Amino acid sequence: MRFQLSSLSAGLLAAAVSAQDPVQTGPFNLHIKGKEGSSIDGYAGSCHAGAAIEGLCYNEGSLPAGNYVEYYFNASSYTKVDGADVGKLIWKLPYTDGSGGQATVDQGLALQFTVNSNVAAAMFGFGSYSVDLGFDKEGKLFGVSYIDDSTFEPGKSPFPSGNATADYQWYACWQYFTGYYYQSIGWASTSPPHNPTCEPVDIFQEFPSSY
């Protein structure tokens, strides 16, 4: 796929994403493996979902070729969970710059919910809404939670204690978003998922030997 952005727009977007100058690692791939009897086994790939919007789609079987299956991790310097860095999962959106050359700009992974489902679609885009994630000692991707609303009491502030926890609520589901219908990665806020096509998965960080 090919994207064209104006040089001014691309510059502003790149500056917004890189303002905090995090430590970036990559490229790596995301191996999706089913659990609880699921036969899912394949790799994540960024799939077109609109202008500068991509879903995190499931590709069955061996690793495809191309930058659309290459990801990066921007680690923060201030948060860890069980010793693992917390940060943002990044895909580098390709575009043609003002001089006709090829360049990329970072997009962070966010979760998009609908009002009638407990399953969010994992999607790449721009803005400040990307979700905090990390990779544990086994290389599994986890989501980060800071508070548990099941413990809330009336009038008592649940201000985070600083003890973040890792959650693994990933699923491969057929999902409809921005006019597209893909088998892609979702996050269920509660179990079981409302979407009956969802299969539970783990997502592993893999650094190919060729990198």
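No lab work stands behind these numbers, since they all come straight from the coordinates. Just so we're clear, the structure is a prediction, and the values are computed from it rather than from any experiment. Note that each Cβ is placed from the backbone with ideal geometry, even for glycine, and that neighbours are counted across all protein chains shown.
Answer yes or no as to whether residue 127 is outside any strand (DSSP E or B), surrounded by fewer than 19 Cβ atoms within 10 Å (Cβ to Cβ), touching a helix residue (DSSP H, G or I) at 6+ places or on another chain (Cβ under 7 Å) and not β-branched (Val, Ile, Thr). It is false that residue 127 is outside any strand (DSSP E or B), surrounded by fewer than 19 Cβ atoms within 10 Å (Cβ to Cβ), touching a helix residue (DSSP H, G or I) at 6+ places or on another chain (Cβ under 7 Å) and not β-branched (Val, Ile, Thr).
Filtering segment 39-69 to residues that are farther than 19 Å from residue 111 by Cα and of a type in the set (Asp, Glu) leaves 41, 60.
Rundown of residues vs (1) under 29 Å from residue 179 (Cβ atoms); (2) assigned to a strand (DSSP E or B), yes/no style:
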position	(1), (2)
78	no, yes
88	yes, yes
93	yes, yes
98	no, no
103	yes, yes
108	yes, yes
117	yes, no
121	yes, yes
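Scanning segment 57-80 for residues that are among the hydroxyl-bearing types (Ser, Thr, Tyr), buried (at least 16 other Cβ atoms within 10 Å of the Cβ) and over 20 Å from residue 184 (Cα atoms) yields a single hit, 79.
Taking segment 81-93 as the range and being in contact (Cβ under 8 Å) with a residue 60 or more places away in the chain and surrounded by fewer than 16 Cβ atoms within 10 Å (Cβ to Cβ) as the test, only 82 passes.
For segment 161-211, which residues satisfy the criterion of being in contact with a strand residue (DSSP E or B) (Cβ under 7 Å, 6 or more places away or on another chain), in contact (Cβ under 8 Å) with a residue 60 or more places away in the chain, surrounded by fewer than 14 Cβ atoms within 10 Å (Cβ to Cβ) and hydroxyl-bearing (Ser, Thr, Tyr)? Passing the criteria: 165, 211.
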